Amino acid sequence: MSAYSSDLDLHVTDANGNDIEVDVATNLLTGAVRLSVLWAQEIHLPPDDAERVGRSLLRAAEHGRRIARTEGSGPGRSTGPSQ
């Protein structure tokens, strides 16, 4: 089982017709956000798809913050930087 939850509403592929996809996922344990370009090192996006990726990253960031607050609010847990 993966600790990451992908944004299932994000369906973005390469503007040049290459078989390349973008995935935005949130780590359900830590709240970290992962941005993946699948099958290549880069992707060319039309403006509307670039906006979709941006919105997906914003949703993932908010989800990650909620997870981090929940994880960090338990007894004996610190949310501040390590010393």
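The values are calculated or read from the model by the stated rules, or taken from the named source; none is laboratory data. Since this is a predicted model, take the numbers as computed values, not measurements. Quick note on the areas: whole protein, heavy atoms, side chains included, nothing else; ligands and nucleic acids left out. Shrake-Rupley method; radii C 1.70, N 1.55, O 1.52, S 1.80 Å.
Suppose the chain between ASP48 and GLU71 were pulled fully straight at 0.36 nm per residue; how much longer would it get relative to their current alpha carbon spacing? Walk me through the numbers before you get to the answer.
Values: separation 23, 0.36 × 23 = 8.28 nm, distance 3.46 nm.
Gain on stretching ASP48 to GLU71: 4.8 nm.
Take the solvent-accessible surface of the protein heavy atoms, probe 1.4 Å, and return the percent of it on the chain that carbon and sulfur atoms account for. Let's see the in-between values first.
On the way: 3100 of 6020 Å².
So the carbon and sulfur contribution to the accessible surface is 51 percent.
Per residue, how much accessible surface does the chain expose to a 1.4 Å probe? Answer in Å², no decimals. Spell out each step's value before the answer.
Details: 6020 Å² over 83 residues.
Accessible area per residue, the chain: 73 Å².
Determine ³J(HN,Hα), in whole Hz, for all residues of the range 13-27 in sequence, where each value follows from phi through the Karplus function 6.51 cos²θ - 1.76 cosθ + 1.60 and θ = phi - 60°; x replaces Gly and Pro.
For the range 13-27, the Karplus curve yields 10, 5, 5, 8, x, 6, 7, 10, 10, 10, 10, 10, 9, 10, 6 Hz.
Amide H neighbours of LEU28 under 5 Å, at least 5 residues apart or on other chains, H built in the peptide plane: list them.
TYR4, SER5
Tell me, what ³J(HN,Hα) does each residue in the range 39-49 have, in order and in whole Hz, if you take phi through Karplus 6.51 cos²θ - 1.76 cosθ + 1.60 with θ = phi - 60° and put x for Gly and Pro?
Coupling constants for the range 39-49: 6, 6, 8, 8, 9, 9, 10, x, x, 5, 5 Hz.
Of [x] 51, 26, 24; [y] 47, 24, 18; [z] 43, 35, 17, which one was derived for Cα extents along the principal axes in Å from the structure shown?
[x]
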